[in-house]
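The values are calculated or read from the model by the stated rules, or taken from the named source; none is laboratory data. Being a predicted model, the structure only gives us computed values, none of them experimental. Heads up, the Cβs are rebuilt from the backbone with ideal geometry, glycines too, and the neighbour counts pull from every protein chain shown.
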Amino acid sequence: MSQATEQIQKSDIKDILENSLNGKRPSPDDCMRLLESDDIYLMGLVSGFLTRKQFGKRASFVNNIILNYTNVCVTDCKFCAFYRSPGDDESYTLTLEQIESRVKTAWDLFKIRQVLIQGGHNPQLKIEYYENAFKLIREKFPHVGVHGLSTSEIDMIARVEKSSTKEILSRLKDAGLQSIPGAGAEILVDSVKDVISPKKISSNDWIRIMQEAHEIGLPSSATMMYGHVENKKDIVDHFYKLVELQEKTQGFMAFIPWNFEPNNTLLKEEGLVEYGTGGNQLLKMIAISRLVFDGLIPHIQSSWLTNGVGMAQLALQYGADDFGGTLIGEEVVSCTGARSTELTDKIIINAIHQIGYSVEERDNFYNTVKIL
Ligand code: SF4
C-alpha cells in the first residue's frame, strides 16, 4: 500500500480513506464527499484492499435461476419494462407444474443452489400459491434454497389476505422461504419513490418488513437502484438507513448496488432519464458501498446483470467479493434490452479466474459449496 498511501496523501478525501484503513466507517457527511469526489481509483484502492484483507483473492457466486413467476402487476412502476396489467394478452402466471419443471431442469443441468423467486404484484394470487411453490421446491429439491419475494410482494400478499406482513412472513418461512431479496428498495427516500414508483410501499414500510423478516430469522440482501431521479443526498440517506437497520438486526447478508436501465421504461418515455449511468459510476458505487458497509454487511455483489461480465470483473477489484448468480431465466432486466441476461457458471468461473482469483461456489446463505 506504500505507493497508494502517497497518492492518498494528496487527495481531498484522504482523511476518509485513512479512517477506512483504520477501521472507521465514513460518516454520512464523509459519504457525501465520496460521492462528490472524482478520486474513484483511490476509493477502489482502499475498498479493494479492505475486501482482499477479508476474502483474499477469492470471489464467490451462486448457481441459481430466477423464476419470474408472474408479470401481472398493478403497481405500474415507471422504471419497469417487465410488467403487464391484469388481462393483458402478454400477461402470464406460472403454474406449479411449470415451476417444478423449471427447477427440475435447472437442477438436472446445472445443480443450482438457489431459486430467486420474484414477480409482479398480482392481486389474483393468494398465499397458498406461494406456500405450495415453496413447499414443492424444498421437498423435491432439498439442495436448492428458496430466496424470494421482495418486501413489496410480501406487502401485496398481506393486502390480498387482509393479514399483517409479519403473519405472511411467518407462514412463508414455515412453507420453506429461506431468505429475501433486497429488491423494491430502489432509493429509500419517499420523494424519489413518489416519482418512480408512487404505488409501491414507502421507504419506512420497506425497512419495517425487512426488520420483521430479520427478526424471525429470515436473512436478506439489500439493494440500491441508482441513476434515475435521485440526488446525492438521497443516496447518502439510503446507505445510512441500511446501516441503522443492520446495526439493529444483522440480517443483511449482502448489498447489491445496481444502475437503472432506462430503455423501454416510462421514465425514459417521459424524458426523466435518458441514459444509464455506466461503468465509472458503478465502480464508484461499489467502492463506496464497501467503505460504508465494511465490517457490517459482509458481502458486496458486483452487478453483472446490468453492466456485463467485464465490469463485474473490475467491480471485484473495487470492493465487491461476490459475483452474484447465474440468473438463468431472468426476464425483468432483459425486458430493457440490457445486455446478455444468461450467464452460465462456466462463464462466471472463467471471468473470476481471468483476474487471477479463485472461485467459491456458494449456497443461498453464502456457505461454501466448493472451491474451484
Ligand atoms: S418493478 Fe415490480 S412492482 Fe414495479 S411494476 Fe415492475 S413488476 Fe410491478
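Yes/no per residue for (1) closer than 23 Å to residue 242 by Cα; (2) part of a loop (DSSP other than H, G, I, E, B); (3) in contact with a helix residue (DSSP H, G or I) (Cβ under 7 Å, 6 or more places away or on another chain):
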site: 20; (1), (2), (3): yes, no, yes
site: 32; (1), (2), (3): yes, no, yes
site: 35; (1), (2), (3): yes, no, yes
site: 41; (1), (2), (3): no, no, no
site: 44; (1), (2), (3): yes, no, yes
site: 50; (1), (2), (3): yes, no, yes
site: 54; (1), (2), (3): yes, no, no
site: 59; (1), (2), (3): no, no, yes
site: 65; (1), (2), (3): no, no, yes
Scan region 269-288 residue by residue and report those that are buried (at least 21 other Cβ atoms within 10 Å of the Cβ) and free of Cβ contacts under 8 Å to residues at least 40 places away in the same chain. 282
Does region 61-95 hold any residues that are surrounded by 22 or more Cβ atoms within 10 Å (Cβ to Cβ) and either more than 9 Å from the ligand (Cβ to nearest atom) or closer than 30 Å to residue 20 by Cβ (or both), and which are they? 61, 62, 63, 64, 65, 66, 67, 69
Tally up the residues in region 129-170 that are among the charged types (D, E, K, R), part of a helix (DSSP H, G or I) and away from the ligand (no atom under 16 Å from the Cβ), please. 8
Residue check for residue 34: surrounded by fewer than 21 Cβ atoms within 10 Å (Cβ to Cβ) and under 30 Å from residue 355 (Cβ atoms): no
So, in region 96-107, of the ones that are in contact with a helix residue (DSSP H, G or I) (Cβ under 8 Å, 6 or more places away or on another chain) and closer than 25 Å to residue 184 by Cα, which residue ends up nearest to the ligand (Cβ to nearest atom)? 99
Checked region 187-236 for anything in a helix (DSSP H, G or I) and either in contact (Cβ under 8 Å) with a residue 60 or more places away in the chain or aliphatic (A, V, I, L, M) (or both); matches are 192, 195, 196, 207, 209, 210, 213, 232, 233, 235, 236
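Results for (1) more than 28 Å from residue 13 (Cα to Cα); (2) at pLDDT 95 or above; (3) not hydrophobic (A, V, I, L, M, F, W, C), shown as yes or no for each residue.
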| site | (1), (2), (3) |
| --- | --- |
| 305 | yes, no, no |
| 316 | no, yes, no |
| 326 | yes, no, yes |
| 333 | yes, no, no |
| 340 | yes, no, yes |
| 347 | yes, no, no |
| 362 | yes, yes, yes |
With respect to the numbered conditions (1) buried (at least 22 other Cβ atoms within 10 Å of the Cβ); (2) modelled with pLDDT of 95 or more, which one is the sole condition not fulfilled by residue 189? (1)
